[in-house]
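Heads up: the structure comes next, in structure tokens.
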Amino acid sequence: MSDEGRPPTFVSNVQLNVDPSEQPRQDPGCPPPLDSRGTESEEVPSEECIVELENVTVKFRISEADIVAQVYPNCMTLSEIKQDMGRKFEVDPSLLVLRQDGRIPCDTLPLNSTALDEFGIHEFQLQLRPDQKGGSDSSMAKLDLEVYYDKHRLADFITVHISGDDTQDGQAKSVVVEIENAAIVKPFLCGYRDKISGKEYLDAFTQTGPYFDKMKFRKYKSRDTQTWEHKEKTLNTAHEQSVQCFLDGINVLYVSAANDFTIVPGKYQTFAQKERAERKLEKILLIQRNWRRWILWKYIRLRAKEYRLLVSNREDEDKRYEKCVEERVERNAVLKQFPKTKDDFDLLFAEVGRWKKAELKRITANYEGPARIAEVTILLDKEIQLLNGVERQRDLVFKAMEDFRLEQLLKEMGKPIEWIGYKDCKIHMDLLSTQRVRFLTEIYKDLKKPLKKEERLELLRQVMAVIQEEACYPNFPELFDLFDREKNLLLYTTSSDVEILRKRQAILFFDLIKFTKGPPKNRTPSRMCIVCKKVKAFGEFAIRTRQSHVDTCKHCYYLKLTATENTVYQSILRCIHRDERKRKCTTSFAFVMQSDDVRHIIDKIWHGHSALSKSENLSELRLPRWNKSDDWAPWNCICLTERETRDHYKIDDIEKVYDPKFVLHVSNLHMLARSLFHTLAAVAVEFQETGQWWQVGMNQQRSSKLDAV
């Protein structure tokens, strides 16, 4: 093919930039270079001439009808070309002669210095030296084209000239084209031999090459052609008459037609079609094998993608779990350092209890007798100091949060009444009582602010004018007298201590805000606590699912309990509620359970550890369902860690996974839970048997779309 895409390379012609005296002497028969034979008498400049390196086509005319072509770089000398042609014709290069225009150029002359035609082709006459005919090798040296083509299978080259009208840039180009010898070895089909001449005549075979799928693509552009010509020749056969039925000129061979049968030719089938039909089964098997391979490859890729997705989800889940654990530890550390609520102080008391238990274990293991008594006494003093410190901190927090609690109470009292109406529309009703509460709340906040003397006097006059309308308040005279006394002190004294008056004013004014006009309300149901012997409303009594009657108030019940981490049990209960809501089980027992019931289930039934791993870390324990198809209940749950809970919910058949002994152990604990929560079990049986269970918790307002308001 053409070397047109090759980047241009430049070579220096050494015969053009040397001094004439230093040039090598030429043979007497060598003409000067073509570049030096100018038509004009101009002097050739002495500066160096740069010639672009390219491939050119060289034609060698051997005889009138025999011509061969080759491609050589334009920097090659004629001696190098002779060596290449001698190798291809298997002739000594010294016997070859190249002529151009009737002259024999010098062997050292480069190709670019010879003459070329209008298409850029260099043409030479290739001959043998005349004096070699008398030598000893006269019978051996020969320019044989069969050696050139058949033995070496060399390709010919031609130069195709493309005019500027057919190119993109509009410039004429010369392209070197290689003619490939695509001849094939023709198979022997059949034939006959002429007895007189002795020649063999074979059946015809087309010159078309092999199938395209068997050819190797070598990135070249070509056009396969074939040429043929008609040849007619008369032949003499050995017999000019039929020999199938005649024995001689008179007798005729009789052939019976009883066993003859007719053969009807079918559809013509070429040899290639026959081979393809025989290979049909192999191709079918190949297609099936590759199809199954593709199906398997696709299945493996799909399963690998699912596996990678599961692994990434598991890693993300582990990262989220670790992050939640870290946040929980940090949150507990902050709560222990700066406790505010009752649950926060319960964490501190529980921490003191764990510390005391660890110290008692250490004392029991290391001391005996009087030394142990002394250590226990020291431990008791330390425990008392820690408990007193926690109690003092709780009193300080209680006093500091008193104003906040009063503010939240006033904010709640001043809220309008809200409910869900027609088509889930949220309705607000602002009564005169709620407006009164908000108005008096603003005055209460102004009274709590530190003001100057003139501003305070003006505020007192306004307040006294406002409370004139609240004469029905029982402590109205005392409240009015307090405001009047403060006003007189500010007017007639230069310095006075009114802080005590202002504290009393705030207490009475807050009581005035809570006071409601109208007839007294009915007396709320009350009951006496058996522990503190105080009569309290039913709302102040602790209600548990395991009790049979109400007897202990919340304060006394809290004193009877040991200090526990209620926040942990509350988080476990919230997890149970969340799981039941996801499963749309709004009638589950989980929604009537309390954190104290969860604590009792974990501590008394499951002994405060996981049923599988025996882990005692309360922050990781959960109470999932034992049987996923049934609603959650104290007798249908199991104590597991968070990771074990996720794996437990992936089990379809419990009896196939867990050991029978473990299943029996869990069943016994479920029987214990049913006996401890027998009242809850009885209520469940009653509602299920009477058919009234569906009516529980079906308040339509609770399922309203509040987000759409």
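Each value in this text was obtained by applying a stated rule to the coordinates, not by laboratory testing. Computed from a prediction, not measured in an experiment: that's the story for all the values here. Note that we place each Cβ from the backbone using ideal geometry, even for glycine, and neighbour counts take in every protein chain shown.
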Span from the the stretch 568-618 Cα centroid across to the the stretch 66-132 one, whole angstrom
104 Å
So how far apart, in nm, are the two label points at Val535 and Leu360 if each is 7 Å from Cα heading toward Cβ?
4.1 nm
Fewest Cβ neighbours within 10 Å first, please rank Asp346, Asp647 accordingly.
Asp647, Asp346
In this model, which of Lys323/Lys584; Lys628/Lys656; Lys399/Lys453 are farther than 18 Å apart at the alpha-carbon?
Lys323/Lys584; Lys399/Lys453
Stretch Lys195-Val663 to full length: gain in nm at 0.36 nm per residue minus the Cα-Cα span?
158.1 nm
Per q in 0.16, 0.18, 0.21, 0.24 1/Å, what log10 I(q)/I(0) does a Debye calculation on the alpha-carbon atoms of the stretch 412-514 return?
-0.73, -0.87, -1.10, -1.36
FRET efficiency, Leu491 to Phe439 (Cβ-Cβ, R0 25 Å, nearest 0.05):
0.40
Quote to one decimal, in nm, the extra length available between Glu118 and Asp260 on full extension: 0.36 nm per residue of separation minus the C-alpha distance between them.
43.7 nm
Amide proton proximity set for Trp626, modelled H, under 5 Å, gap of 5+:
Cys637, Ile638
Sorted from fewest to most neighbouring beta carbons within 10 Å, what does the list Leu676, Leu432 look like?
Leu432, Leu676
What order do you get for Phe157, Phe119 when you list them from fewest to most C-beta neighbours inside 10 Å?
Phe119, Phe157
Environment charge of Arg643, counting only residues whose C-beta is closer than 11 Å and scoring Lys/Arg +1, Asp/Glu -1:
-3
Classify the stretch 339-400 from the C-alpha gyration tensor, please: rounded if a/c falls under 1.5, else prolate or oblate depending on whether a/b exceeds b/c.
oblate
Report the local net charge at Tyr569: Lys and Arg +1, Asp and Glu -1, summed over other residues whose C-beta lies under 11 Å from its C-beta.
-4
Work out how much length Gln337 to Glu407 would gain on full extension: take 0.36 nm times their residue separation and subtract the Cα-Cα distance, in nm to one decimal.
22.7 nm
